[in-house]
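Data first, discussion second: the structure below is written as C-alpha cells.
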Amino acid sequence: MSKGLDIKDRYKVVIIGSGPAGLTAAIYAGRANLEPLVFEGFQAVGQLTTTTDVENYPGFEDGIMGPDLMSKFRKQAERFGAKCVLRDVTKVDLSKRPFRVESDDIAVLADTVIISSGASAKFLGIEAEQRLLGYGVSACATCDGFFFQDKELVVVGGGDTAMEEATFLTKFASKVNVVHRRDSLRASKIMQEKAFKNEKIEFIWNTVLEDIKGDREGGVKAAVLKNVKTGEVWDKECDGVFIAIGHNPNTGLFKDQLEVDEVGYIKTKGGTTETSVKGVFAAGDVQDSRYRQAVTAAGTGCMAAIDAERFLEVEGSGE
C-alpha cells in the first residue's frame with residue numbers, strides 16, 4: 001500500500017532516519033546501485049534542523065546553516081538513486097528476512113535495514129526551550145559553544161553530560177553557571193573534580209530553571225531560576241542556556257527485537273555497524289552515546305551502507 005507514491009514492494013536496503021547517518025548511508029547505498037528507500041521521518045534530516053549555524057562540518061569554511069547542510073545531503077542521495085519519503089516508521093518486524101517496515105500508508109519488505117533514527121536531547125518542557133532553541137538555547141555545547149565567546153552561560157544538569165558541557169563551554173565563555181536541583185552532583189567523581197577545579201564554573205545548588213527570557217531577534221537575556229528549598233525566584237542574567245540532562249535514543253520501535261544497552265542505545269559489534277540481528281545495521285546517534293556529532297554520524301552511515309552491501313553479496317536477498 002502506498003497511496004499514489006512510487007514505492008516498490010521490496011527493497012534491498014531500507015533506511016530508517018534521515019540525519020547525517022541515514023542520508024550518508026543512502027548516498028553510499030545509492031552509489032552501489034542498491035536503490036535504497038529512506039523513511040525520513042516527519043522531523044526530516046534530524047537534529048540539525050534545530051541548529052542554525054554549523055561551523056565544524058568539514059568542507060564549509062564559512063559555515064553553513066543546519067537545514068541547508070542536510071538539504072545538500074538529501075539532494076546528493078537522491079542523485080544516486082535513493083528514494084526519500086517523508087514518513088515516520090510506525091512498525092518493524094525484524095524476526096525474519098525479508099524484514100517488514102511500515103508507516104501509516106506504506107508497507108515494504110527489506111533485505112537489509114539500516115537504523116539511523118538518532119537520539120533526542122532531553123528537555124525540561126519549558127515553552128521557551130523550543131522557542132529559543134538555536135537562538136541562545138542549546139543542548140549541544142560542542143555544536144554551539146563557539147558562538148558564546150566571552151559570554152556568561154547557564155548549564156542545567158548535574159550528571160556527566162552537564163559536567164562535560166560546562167567544562168567544554170569554559171573554552172569560550174567568560175563564566176558558566178551550573179544550575180542543579182540538588183545540593184550534590186550525580187556526575188562521576190572524576191568529572192565532578194574537574195568541574196570543581198575550573199575557576200570559570202560556579203554552582204547554583206538546590207535550584208531549577210523555571211523559564212528563559214529573550215527572543216529570537218536578541219537571543220537569551222536571562223534564566224528565571226527558583227530555589228527549591230526557599231521558593232525564591234529570580235532572574236539570572238546570561239547570554240545562553242544549555243540544557244544538559246542527557247539524551248534518549250529513538251529506539252522504541254526496536255524494543256525486544258534488537259540488543260540495546262541499559263539506556264536504550266543499539267549495541268553494535270566492535271568496529272562495525274552490525275546489530276544483534278543479521279542484516280540489520282545501526283548508524284549515528286542511535287548507537288553512539290559518546291560523540292553525537294554530525295561528522296561521526298555521517299562516518300557510521302558510510303560504514304552501515306558498506307556493511308549492508310557486503311552482507312547482501314554474501315547472504316543474497318534471503319527468502
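Only the coordinates and a few stated rules stand behind these numbers; no lab work does. Given the structure is predicted, the values throughout are model-derived calculations rather than measurements. Cβ coordinates were reconstructed from backbone atoms using ideal geometry, including for glycine residues, and neighbour counts include every protein chain displayed.
Listing for the model above:
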{"item": "Backbone HN-Hα couplings from phi across the range 257-268 [Karplus 6.51/-1.76/1.60, Hz, Gly and Pro as x]", "result": "10, 10, 6, 10, 7, 5, 8, x, 5, 5, 7, 10"}
{"item": "Estimated translational D of the range 207-319 in µm²/s (Stokes, Kirkwood radius over Cα pairs; 37 °C; 0.692 mPa s)", "result": "187"}
{"item": "Per-residue ³J(HN,Hα) for the range 300-314, Karplus 6.51 cos²θ - 1.76 cosθ + 1.60, θ = phi - 60°, Hz, x for Gly and Pro", "result": "6, x, 4, 4, 4, 5, 5, 4, 5, 4, 5, 4, 5, 4, 7"}
{"item": "Amide H contacts under 5 Å for residue 260, placed H, 5+ residues apart", "result": "267"}
{"item": "Reach of residue 200 by Cα under 17 Å, taken over lysines that are not fewer than 8 positions away in the same chain", "result": "151, 171, 175, 236"}
{"item": "Cys with no candidate disulfide partner in the chain (beta-carbon separation under 4.7 Å rule)", "result": "84, 238, 302"}
{"item": "Burial order of peptide ranges 67-80, 144-157, 276-289 (average beta-carbon count within 10 Å, highest first)", "result": "276-289, 144-157, 67-80"}
{"item": "Amide H contacts under 5 Å for residue 155, placed H, 5+ residues apart", "result": "177, 178, 179, 242"}
{"item": "Rh (Kirkwood; distinct C-alpha pairs) - the range 59-145, Å", "result": "16.6"}
{"item": "For the range 258-319, average projected area of the Cα convex hull in nm²", "result": "4.4"}
{"item": "Mean Cβ neighbour count within 10 Å, used as a protection proxy, ranking 122-131, 172-181, 83-92 highest first", "result": "172-181, 83-92, 122-131"}
{"item": "Peptide ranges 237-246, 100-109 listed from the most packed, as the mean C-beta count within 10 angstrom indicates", "result": "237-246, 100-109"}
{"item": "Candidate values (i) 24; (ii) 34; (iii) 17, label of the one derived for percent of Cα pairs over 37 Å apart", "result": "(i)"}
{"item": "Chain lengthening between residue 230 and residue 272 when straightened (0.36 nm per residue, less Cα-Cα)", "result": "9.9 nm"}
{"item": "Projected area averaged over orientations for the range 123-243, convex hull of C-alpha atoms, nm²", "result": "6.6"}
{"item": "For the range 278-315 versus the range 65-137, the gap between their alpha-carbon centres in whole angstrom", "result": "14"}
